[in-house]
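Asker: Mind having a look at this structure? Questions to follow.
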Amino acid sequence: MNFIGEDNILEVNRVNMAFGGLMALSYLSFKVKRGMIKAVIGPNGAGKTTLFNIITGSFPPTEGSIIFKGMPVERLKAHKIAHRGISRTFQTVELFDNMTVLENVMLGCHTCIRTSFLASGLRLPMARKKEAQIREKAMKILKFIGLADKFKDPADSLPLGEQKILEIGRALAGDPELICLDEPAAGLNETETYVASSLIRAINAKGITVLLVEHDMKVIMNISDEIVVLNYGQKIAEGSPREIQNNARVIEAYLGSGS
Amino acid sequence: MLRIGKLPIAVFALFIIAFPWIAHKIPPIENYTDIMIFAGIYCLITLGLSLLMGYAGQISIGHAAFYGIGAYTSAILTANYGFNPWLCMFFGMIVTAAVAVLVGAPSLKLRGHYLAMATLAFGIIVYIVFNEETAWTGGPDGMTGIPGLSLLGFAFDSVDRYYYLVWIFVFAAFIFTANLIQSDTGRALRAIHASETAAGAMGVDISGHKLLVFVYSAVLASLAGSLYAHYLNFINPSTFDLFFSIKLLIMIALGGMYNLWGAIIGAGLITFLSYEWLHYFEEFEVIVYGAILLLVTIFLPKGLAGTPEIVKTWFRK
Amino acid sequence: MEKITLAGQIFQYLITGLTVGSIYAMVAVGFNIIYNVTEIINFAQGEFVMLGGLIMVFFYAVVKLPLVVAFPATVLLVTLVGILLDRLAIRPIRQPTVLTLIIATIAASILIKGAAMLIWGKDPYDLPAFSGRNAITVFGAVIQPQYFWVIGFLIIVVIALSIFFDRTIVGKAMSACADNPDAASLVGINVQQMILLSFALSAAIGAVAGITVTPISLMEYDRGAMLAVKGFGAAILGGLGSFPGAVLGGLIMGTIESMGAGLISSGYKDAFALIVLLVVLFFKPSGIMGSIEISRIKRF
């Protein structure tokens, strides 16, 4: 059971996103309470990934604001937002294919353990200690996600299911308070999906808020505390999984399929 | 190659230490020590460039400018004002760093071809300045009377002594750069190279890192320039022209940019080509370089240092 | 002798600027043709100009062909070089990335330069002016008739290209490639051939520029790099990919350079164009005619 706080860790306020003449998002507003797992669902093209890109700083919205921990972040660059405590995974896996499994997660620690340029180059004891800390932390995460025995392997040698898990592990390494998962179950079979869902639950049990885009309705219904439904860039419903299941507009827009 | 082993460094160090002694024993290659000094000076530049091009994935066709700024700063301050050469060398590195920040910050926001052209234009502008500001630089005739280097009374006034001085710097730079690559900074650079989107999402300040590497490579080039000036005791602008920037590119391409050893191999080979093997075929110099660059780009995109990897994958098949 | 007024001087610089600007415009047009079809910036573009001048010298001074015959012969030969460049330097690259293509065209440019050095040596060469050297004086400015040939050929090139791209099937096919190579190949357009054609066309235009400018400023083996950079600057200034932009950019670039050299400092002549290039790249890389949307969508 997870503990959901009273405060809103994330607020999406009347966010508009126009690409030329196309309105990808239209006055979208919703809130995410700290500690919850909130899912964003909707048909393809509904604007879900655009929403994620805005929240994580790929580009600013045309209008509106994103409030994280009480402060507006919509104009910040991606790396600054990462330092504030938001982490993410990508719809198509964006691992660093020129690095090993371990190194990918070690890079994830970039936000929390910083070494100076000179200290790194001179390999001062402080730098060496921090490097050891990073390595240790990364190994812990690999153990947590179940990939510890593959730490030396090149990241792109893993099967897709494990790559997605690795990406989640990398996103965890920076001690985020909010993690945005973009279709973590896409392309996975039943077993892999089960592993992914369990991992998401375990992450949430540690107190990390999860914002999740997903098409697999079983996963959504199983793990989400609340669901927001988008269609054509607008919010058409928001509520608990049960409420959403019975919502006529959602059924109409989305045909309730999935699995 | 990401694990930069200690053994190859030790072996190479032994080779470098023994080289002048070997050269003295074999009269036909006695002048090779002198050539190795230039190889070392160029290694300093290629080490930084290799980091910039191979790891950060950026390109610079104007690095001769930083080489020149270091050389001229050292030359002007020591020959005309008599300041301490070591301080001037350090000051030159600071000046170069400042210029690199000014030029790099707007340039590195540019992509591919635009960045290449921006660095190209910058390099040529600096070259023109060297030629035109005769009051400072002596113009096309260059500057003479640049003092040599000495430390606590020990003067680096022989070829052998200067050789060891230069190569001490090269090893220091090599180890520093290798440490960087194997640190969080190196990982951040590799991340930028692999996926800028993911790197940014994981908190890597992409433009900050690109600028950092650019400035680092500029500073190394500046150091190289100062060492060059104090060795020849004479410099002139033609050393720092566009063709030298392209020669640096050839060194990196030939040696392999994804590997620090590539920087050493490339610099070494081209230096010997330049000073020794092509010496008698001067008219062919340009065409040979062009051919090398083209052939390497088509057939050996990872350079010579990347060949072991290619051979390994070949055997796996 | 007429008194040279400041106005006269400025007019002189303007005319010189427009002339040299026409050369930059032709180089810029050449850049755009290749860029539009392939998104490659051909660093060897300036070498086509150099070759145009030097090969013309060969045909005229050595083979003793009359100018009228030597001109097309030169253009043909340089076009061949352009084709070779595509075949030998660009096509063979197995995994084209921005970096490797940049290096490949740089390699090609120094190869060509090296070959030119072997064949012609380092000396500058001259060609007779097409219609003599009796300068005419307008408003105190001395104008060589050759200037009109240069500007004239720019106009001819621009008109010819517009007809080619808008009215001929091949030209339209090339435009289609530029717009969307995948769609173009789906409708049966041979993209490889279009790329080849773009290099050939660029080389030809470069040659024309080289032939017409040699009687004014001579030609030597290493003029290529500077022409390429300035021509690129002109292309960027006008908006990369835009032909009217290239012409405008070239003329403006030439005028700024000429004015700068005349009024400020002749030693820094080359630097003016380069500074313009840097300013454009840093502050408005889309140039005068370009728009940010276009520059973002391009693959590189």
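Asker: Name the residue that is modelled with the highest pLDDT, counting only residues in the stretch A:17-32 that are surrounded by fewer than 16 Cβ atoms within 10 Å (Cβ to Cβ) and in contact with a strand residue (DSSP E or B) (Cβ under 6 Å, 6 or more places away or on another chain).
Answerer: A:S29
Asker: Could you check the stretch B:25-136 for helices (runs of 4 or more DSSP H) lying wholly inside it with 1 or more residues that are more than 14 Å from chain C (Cβ to nearest Cβ) and farther than 25 Å from B:G306 by Cβ?
Answerer: On the way: elements: B:32-50, B:64-75, B:85-107, B:112-132.
It comes to B:32-50, B:64-75, B:85-107.
Asker: While we're here: Suppose the filter is within 8 Å of another protein chain (Cβ to nearest Cβ), surrounded by 21 or more Cβ atoms within 10 Å (Cβ to Cβ) and part of a helix (DSSP H, G or I); does B:A173 pass it?
Answerer: Numbers: within 8 Å of another protein chain (Cβ to nearest Cβ): no; surrounded by 21 or more Cβ atoms within 10 Å (Cβ to Cβ): yes; part of a helix (DSSP H, G or I): yes.
No; evaluated as a whole, the condition is false for this residue.
Asker: For the stretch C:78-119, which residues satisfy the criterion of being of a type in the set (D, E, K, R), outside any helix (DSSP H, G or I) and facing chain B (nearest Cβ under 9 Å)?
Answerer: Keep residues of the stretch C:78-119 that are of a type in the set (D, E, K, R), which gives C:86-87, C:91, C:94, C:113.
With the extra rule that they be outside any helix (DSSP H, G or I), the set shrinks to C:91, C:94.
Matches in the stretch C:78-119: C:R94 only.
Asker: Out of everything in the stretch B:245-300 that is in contact with a helix residue (DSSP H, G or I) (Cβ under 8 Å, 6 or more places away or on another chain) and aromatic (F, W, Y), what residue ends up being surrounded by the fewest Cβ atoms within 10 Å (Cβ to Cβ)?
Answerer: In the first step, residues of the stretch B:245-300 are kept if they are in contact with a helix residue (DSSP H, G or I) (Cβ under 8 Å, 6 or more places away or on another chain); the result is B:245-276, B:278, B:281, B:283-294, B:296-298, B:300.
Checking which are aromatic (F, W, Y) leaves us with B:258, B:261, B:272, B:275, B:281, B:284, B:289.
Numbers: B:Y258: 20, B:W261: 22, B:F272: 17, B:Y275: 16, B:F281: 10, B:F284: 14, B:Y289: 25.
Once the filter is applied, the top-ranked residue is B:F281.
Asker: Is it true that C:I15 is farther than 28 Å from C:M194 by Cα, away from chain B (no Cβ under 11 Å) and either surrounded by 19 or more Cβ atoms within 10 Å (Cβ to Cβ) or among the acidic types (D, E) (or both)? Even if it seems obvious, please write down each step before you answer.
Answerer: Numbers: farther than 28 Å from C:M194 by Cα: yes; away from chain B (no Cβ under 11 Å): yes; either surrounded by 19 or more Cβ atoms within 10 Å (Cβ to Cβ) or among the acidic types (D, E) (or both): yes.
Yes: the conditions hold for C:I15.
Asker: Checking A:I236 against (1) closer than 14 Å to A:E103 by Cα; (2) away from chain B (no Cβ under 14 Å), which test does it fail?
Answerer: Only one criterion is unmet by A:I236, namely (1).
Asker: Pairs under 7 Å by beta carbon, first residue free of Cβ contacts under 8 Å to residues at least 60 places away in the same chain in the stretch B:114-135, partner surrounded by fewer than 21 Cβ atoms within 10 Å (Cβ to Cβ) and of a type in the set (S, T, Y), six or more apart or different chains?
Answerer: B:I128/C:Y268; B:E132/C:Y268
Asker: Could I ask something else about it? Counting only residues that are over 15 Å from C:V20 (Cα atoms), small (G, A, S) and facing another protein chain (nearest Cβ under 9 Å), how many does the stretch C:218-243 have?
Answerer: Selection size over the stretch C:218-243: 1.
Asker: Let me ask something else about it. Mind telling me which of the residues A:K69, A:K130, A:K77 ends up being under 19 Å from the mean Cα position of the chain (by Cα) and either modelled with pLDDT under 90 or within 11 Å of another protein chain (Cβ to nearest Cβ) (or both)? Walk me through it before giving the result.
Answerer: Numbers: A:K69 fails: either modelled with pLDDT under 90 or within 11 Å of another protein chain (Cβ to nearest Cβ) (or both); A:K130 fails: under 19 Å from the mean Cα position of the chain (by Cα).
Among A:K69, A:K130, A:K77, only A:K77 is under 19 Å from the mean Cα position of the chain (by Cα) and either modelled with pLDDT under 90 or within 11 Å of another protein chain (Cβ to nearest Cβ) (or both).
Asker: Here's a follow-up. So is A:A82 touching a residue at least 60 places away in the same chain (Cβ under 8 Å) and surrounded by 15 or more Cβ atoms within 10 Å (Cβ to Cβ) or not? Walk me through how you get there before you give the answer.
Answerer: Numbers: touching a residue at least 60 places away in the same chain (Cβ under 8 Å): yes; surrounded by 15 or more Cβ atoms within 10 Å (Cβ to Cβ): yes.
Answer is yes for this residue.
Asker: Does B:E309 meet the test of being surrounded by 14 or more Cβ atoms within 10 Å (Cβ to Cβ), among the charged types (D, E, K, R) and either more than 14 Å from chain C (Cβ to nearest Cβ) or at positive phi (or both)?
Answerer: Details: surrounded by 14 or more Cβ atoms within 10 Å (Cβ to Cβ): yes; among the charged types (D, E, K, R): yes; either more than 14 Å from chain C (Cβ to nearest Cβ) or at positive phi (or both): yes.
When the stated conditions are applied, B:E309 passes them.
Asker: For the stretch B:194-214, give me each residue that is over 21 Å from A:L95 (Cα atoms) and buried (at least 24 other Cβ atoms within 10 Å of the Cβ).
Answerer: Residues satisfying the conditions are B:V213, B:F214.
Asker: Kindly establish whether C:A184 is more than 23 Å from the chain's Cα centre (by Cα), surrounded by 16 or more Cβ atoms within 10 Å (Cβ to Cβ) and free of Cβ contacts under 8 Å to residues at least 12 places away in the same chain.
Answerer: Numbers: more than 23 Å from the chain's Cα centre (by Cα): yes; surrounded by 16 or more Cβ atoms within 10 Å (Cβ to Cβ): yes; free of Cβ contacts under 8 Å to residues at least 12 places away in the same chain: yes.
Taking the combined requirement at face value, the residue satisfies it.
The values are calculated or read from the model by the stated rules, or taken from the named source; none is laboratory data. These numbers were taken from a predicted model, which means no experiment stands behind them. Cβ coordinates were reconstructed from backbone atoms using ideal geometry, including for glycine residues, and neighbour counts include every protein chain displayed.
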